[in-house]
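Engineer: Input: one structure, supplied below.
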Amino acid sequence: MKSASKISAAEAAALVKPGDWVEYGTSLCQPDVFDQALAERKAELSNINIRACLTVRPRAVLEADPQREVFNWYNWHFSGYDRKKADLGQANYIPCNLGEISDYYRRFIAPSEIAVIKVCPVDANGFFNFSAANLWHSAILERAKIVIVEVCEGLPYVHGVNNGVHISQVDYIIQGDSRAAPELPNPAATDIDRTVAQLIAAEIEDGACLQVGIGGMPNAVCSMLLHSGVRNLGVHTEMLTDGIIDLYQAGIITGAAKQMDVGKIVCSFGLGSQALYSAINGNTDILCNAVETTNLPHTIMRNNNVVGINNTTQMDLQGQAASEADGHRHISGSGGQLQFMRGAYASQGGKAFMCLASTYERKGVRKSRIVLDMPPGTIVTTPRSDMMYVVTEYGMVNLKGKSIPERAKAMISIAHPDFREQLEREARENGLILKNQF
């Protein structure tokens, strides 16, 4: 059994050696005082490899090393900050299905030299709670050669299965700052968001079990459900959002109709406003569980009437969704999108929705998000074979069981009217729709 020692952030950073792999964890659990102390050692180090995910505050190691001379940043899912660093050549993406990452650590990734995870203060049972970011932190700490926790009083304490690490598994404890958990601003819903949300909300029935992805459109669905009259919703999701908490506080989410974790809101992490963090702090209705227990399709489908709501940036006429890249430029990550699309579809009575605005603007020019084919290098996040409902502000189509020409016609029907003629011409010229079809 380990005996945890209290040390300073500088002493913890001094444990890092050239060539080491260092684990920073995810979102709310990324360390801050350790990060600053490690950045201050830049001149003494070389080839330090850091794995992280969904960075919610600027990282001192990246700000101190803009030319990537010392610190190599590897990331499981980009935040806006990570994306900017990738555009500058400072960050690398690790392809994944988010629900499999614990397994990657246990089976395929060599034990890291050091793991540093931000945690809540130790509780009465000797556990440091992971707050609203359980994810794969247990798998990291099981394998790391040196385990360090950075204690922060500003994090909400969140219940969950194995949502924390026992002091007996910790080598060193460092005192962090007491700053409140970082917020993720909620963008105001647009008219297009509301139109898409209205179409999806009309398909959600009493007792449905929700998965809500990140972004304006999925959150707009939650806003629509507040006034839809639907009742007794459940939640089994990857990310806990403000929209879900609004439904919970309005009494619309009860979890009473769930088959698994009845009466509980189940997530793997939460990001949002301080109101969200206050609502989940010590709340026994919330379970923040490891990602392998939330995201795997065979688990998701154990609840009936699962409704998965995700968004994407571009789709082609055959129904492929590119949600994480534009050409060779990486934007975000695969996340749990594919796993929830599969799990929702496999659920008894389940529905999987992919939503997007029909157009976007670039340099003052309006372009269609529905295209004949993706730009070279673009990564497909959800393949055509997994696509169910697709929704834009111009309507909703179900692609399950449809042939390629039927899919092309369906996708064209929900494209912006200004692009439909061009899309149909391209579809016919490239053999997606044959002569005399339709």
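The values are calculated or read from the model by the stated rules, or taken from the named source; none is laboratory data. None of these values were measured; they are calculated from a predicted model. Because the Cβ atoms are built from the backbone with ideal geometry, glycine has one as well, and the counts that use them run over all protein chains shown.
Engineer: Which of the numbered conditions does Trp73 fail, given that it passes all the others? Conditions: (1) touching a Leu at 6+ places or on another chain (Cβ under 8 Å); (2) under 27 Å from Asn134 (Cβ atoms); (3) outside any strand (DSSP E or B).
Structural biologist: So the condition that Trp73 fails would be (3).
Engineer: Still on this structure, I have one more. Quick one: which residue in Leu54, Leu38 is out of contact with any Asp or Glu (no Cβ under 7 Å at 6 or more places or on another chain), among the aliphatic types (A, V, I, L, M), assigned by TED's automatic domain parsing to the domain that holds Leu155 and touching a residue at least 60 places away in the same chain (Cβ under 8 Å)?
Structural biologist: Criteria check complete, one pass: Leu54.
Engineer: Consider Leu135 carefully, then state whether it is within 19 Å of Leu240 (Cβ to Cβ), crowded, with 24+ Cβ neighbours inside 10 Å and not assigned by TED's automatic domain parsing to the domain that holds Lys264. So that I can check it myself, show each step before the final result.
Structural biologist: On the way: within 19 Å of Leu240 (Cβ to Cβ): yes; crowded, with 24+ Cβ neighbours inside 10 Å: yes; not assigned by TED's automatic domain parsing to the domain that holds Lys264: yes.
Considered against the rule, which asks whether it is within 19 Å of Leu240 (Cβ to Cβ), crowded, with 24+ Cβ neighbours inside 10 Å and not assigned by TED's automatic domain parsing to the domain that holds Lys264, Leu135 comes out as yes.
Engineer: Right, another one. Exactly one condition in (1) at pLDDT below 95; (2) part of a helix (DSSP H, G or I) is false for Arg425; which is it?
Structural biologist: (1)
Engineer: Given the structure, is Gly343 in contact with a Gly (Cβ under 8 Å, 6 or more places away or on another chain), in a loop (DSSP other than H, G, I, E, B) and buried (at least 17 other Cβ atoms within 10 Å of the Cβ)?
Structural biologist: Here the answer is no, as Gly343 does not meet what is asked.
Engineer: Do the conditions hold for Gln198, that is, is it assigned to a helix (DSSP H, G or I), farther than 25 Å from Leu54 by Cβ and not hydrophobic (A, V, I, L, M, F, W, C)?
Structural biologist: yes
Engineer: Separate question: Would the range 402-414 turn up any residue that is touching a residue at least 24 places away in the same chain (Cβ under 8 Å) and polar (S, T, N, Q)?
Structural biologist: no
Engineer: Filter the range 311-340 for residues that are closer than 21 Å to Thr55 by Cα and part of a strand (DSSP E or B); which is nearest to the chain's Cα centre (by Cα)?
Structural biologist: Asn311
Engineer: Then there's this: Out of the residues in the range 10-39 that are farther than 24 Å from Asn163 by Cα and of a type in the set (Gly, Ala, Ser), state the one that is surrounded by the most Cβ atoms within 10 Å (Cβ to Cβ).
Structural biologist: Ala13
Engineer: If you don't mind, another one. From the list Leu240, Leu226, Leu233, which residue is assigned by TED's automatic domain parsing to the domain that holds Val306, of a type outside the set (Asp, Glu) and surrounded by fewer than 20 Cβ atoms within 10 Å (Cβ to Cβ)?
Structural biologist: Criteria check complete, one pass: Leu226.
Engineer: Identify, from the list Ile109, Ile114, the residue that is farther than 28 Å from Asp177 by Cα and among the aliphatic types (A, V, I, L, M).
Structural biologist: Within the list Ile109, Ile114, the selection yields Ile109.
Engineer: I'm trying to understand the selection: among the residues of the range 407-426, which are among the small types (Gly, Ala, Ser) and buried (at least 18 other Cβ atoms within 10 Å of the Cβ)?
Structural biologist: Ala408, Ala410, Ala415
Engineer: If you don't mind, there's one more thing I want to ask. State which residue is farthest from Trp21 (Cα to Cα) when the search covers only the range 96-124 and only residues that are free of Cβ contacts under 8 Å to residues at least 12 places away in the same chain and outside any helix (DSSP H, G or I).
Structural biologist: Of everything passing the filter in the range 96-124, Ala124 is farthest from Trp21 (Cα to Cα).
Engineer: Every residue in the range 97-154 that is over 15 Å from Gly25 (Cα atoms), of a type in the set (A, V, I, L, M, F, W, C) and in contact with a helix residue (DSSP H, G or I) (Cβ under 8 Å, 6 or more places away or on another chain), please.
Structural biologist: Selection gives Val122, Phe127.
Engineer: Quick one: in the range 256-293, of everything that is assigned to a loop (DSSP other than H, G, I, E, B) and touching a helix residue (DSSP H, G or I) at 6+ places or on another chain (Cβ under 7 Å), which residue is farthest from Ser332 (Cα to Cα)?
Structural biologist: The qualifying residue farthest from Ser332 (Cα to Cα) is Ser273.
Engineer: Output the residues belonging to the range 40-55 that are closer than 26 Å to Leu155 by Cα and buried (at least 19 other Cβ atoms within 10 Å of the Cβ).
Structural biologist: Within the range 40-55, Ile50, Arg51, Ala52, Cys53, Leu54, Thr55 meet the criteria.
Engineer: Cβ-Cβ below 6 Å, separation at least six or inter-chain, first residue in the range 151-163 and of a type in the set (Val, Ile, Thr), second part of a loop (DSSP other than H, G, I, E, B): which pairs?
Structural biologist: Listed by first residue and then by second, the contacts come to Val151/Pro121; Val151/Gly176; Val158/Ser131; Val158/Ala132; Val161/Asn289.
Engineer: Filter the range 346-374 down to residues that are touching a strand residue (DSSP E or B) at 6+ places or on another chain (Cβ under 7 Å), assigned to a loop (DSSP other than H, G, I, E, B) and farther than 27 Å from Gln259 by Cα, then give me how many there are.
Structural biologist: Residues meeting the conditions: 7.
Engineer: Now a separate question. Out of Lys85, Lys145, I need the residue that is modelled with pLDDT of 95 or more, among the charged types (D, E, K, R) and crowded, with 18+ Cβ neighbours inside 10 Å. Which one?
Structural biologist: Answer to the selection: Lys85.
Engineer: Continuing with the same structure: Kindly establish whether Ile265 is β-branched (Val, Ile, Thr), free of Cβ contacts under 8 Å to residues at least 40 places away in the same chain and under 22 Å from Val56 (Cβ atoms). Don't jump to the end; show me each part of the working.
Structural biologist: On the way: β-branched (Val, Ile, Thr): yes; free of Cβ contacts under 8 Å to residues at least 40 places away in the same chain: yes; under 22 Å from Val56 (Cβ atoms): yes.
Considered against the rule, which asks whether it is β-branched (Val, Ile, Thr), free of Cβ contacts under 8 Å to residues at least 40 places away in the same chain and under 22 Å from Val56 (Cβ atoms), Ile265 comes out as yes.
Engineer: Moving on. Only one residue in Thr378, Thr392 is surrounded by 20 or more Cβ atoms within 10 Å (Cβ to Cβ) and either under 21 Å from the mean Cα position of the chain (by Cα) or acidic (Asp, Glu) (or both), so which one is that?
Structural biologist: Residue meeting the stated conditions: Thr378.
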